[in-house]
1. Only loop residues by DSSP count here, and only those with at most 13 other Cβ atoms within 10 Å; note down the trypsin sites (Lys or Arg not before Pro) in region 29-131 that meet that.
2. Could you give the dipole magnitude of the chain about its Cα centre, charging the beta-carbon of Lys and Arg +1 and that of Asp and Glu -1, in debye to the nearest 20?
3. Quick one: which of 178-187, 103-112, 86-95 comes out on top by average Cβ neighbours within 10 Å, and what's the full order, highest first?
4. As a test of understanding, state the convex hull volume per residue of the chain from its alpha carbons, in Å³.
5. For the chain, with the dipole built from +1 on Lys and Arg beta-carbon atoms and -1 on Asp and Glu ones, taken about the Cα centre, which of Gln30, Phe52, Ile199 lies farthest toward the positive end?
6. Residue by residue through region 228-234, what is 3J(HN,Hα) from phi via Karplus (6.51 cos²θ - 1.76 cosθ + 1.60, θ = phi - 60°)? Round to whole Hz and write x for glycine and proline.
7. Please report, in debye to the nearest 20, how large the charge dipole of region 102-241 is about its Cα centre when each Lys and Arg carries +1 at its beta carbon and each Asp and Glu carries -1 there.
8. Using a ≥ b ≥ c from the Cα gyration tensor of region 102-241 (square roots of the eigenvalues), is it rounded, prolate or oblate, where a/c under 1.5 gives rounded and otherwise the larger of a/b and b/c decides, a/b for prolate?
Amino acid sequence: MKVSIIANHSEKSRLATERLKALIADTEIQLEEKKPDIVISIGGDGTLLSAFHRYAHMLDEIRFVGIHTGHLGFYTDWRDYELEELVESLLQDEGSSVSYPLLDVTIFFDDQKETQHFLALNECTIKRINRTMVADIFIKEEIFERFRGDGLSVATPTGSTGYNKSVGGAVLHPRVNALQMTQIASLNNRVYRSLGSPIIIANNEWITIDLQAADDYLLSVDQLNLPQSSITSIQYRIADERIHFTSYRHTHFWRRVKDAFIEESPERQGEA
């Protein structure tokens, strides 16, 4: 087995990385950055997002493992004090995995000759920097509404617990192979009438956002911020690719939601 380790810059992550490498050195597991079988992220969800984008071109060939060294994350199933157990699980690996849907994002520009393509694990958000945003929204090829407001966020089911939730979107289980569009501070008056509610799109449909001409759009794909000056439209659909996680220990999704948003953690109880 070949593994790649990606860690953030915190002291706990540095120590966990050193310990993990020392444990791996005593086994037949090899460290390999270019073509790993498993990518291990050490840090939090942001670290795993970085690892995902680094290896997005190899999703059919690799699986991910998340070790969290801070607060509980949605993509991190192991703690930094469980490295011995993780290495033992790697040694007994049989290739099993659990997969999540991804968001396929295609960006079109005013010259109509060039496009940009991204995969998102969490969400893609489009806003204007200086003014409210105006856009026509199509579902498949049919106009659905004209939107005016601060922006729009399109999220995967796993991304539904992040920014999508903070702007009023629903939380979707990852087995729901769908995407969700949520409006950010929409305006409703006699000129602009929009639904105002999140909408969930089936995996055989897609969303196209045709944007009013402007030079101050800010597009975010997960944690990547991409200022755009000549963008004309964005198309969103469920990607053909999926992200795969090892299933040695995979926390039930609703347990993650409960731990993150409802149930007080033992650490916080101890602070009381």
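Laboratory data are not the source of any read-out in this text; all were calculated from the coordinates shown. Keep in mind it's a predicted model, so treat the numbers as computed, not measured. Here the Cβ positions follow ideal geometry from the backbone for every residue, glycine too, while neighbour counts run over all protein chains shown.
1. Within region 29-131, the qualifying trypsin sites (Lys or Arg not before Pro) (loop, at most 13 other Cβ atoms within 10 Å) are Lys34, Lys113, Arg131.
2. 840 debye
3. 178-187, 103-112, 86-95
4. Here the figure is 150 Å³ per residue.
5. So the residue we want is Ile199.
6. 10, 10, 10, 6, 10, 7, 9
7. 600 debye
8. rounded
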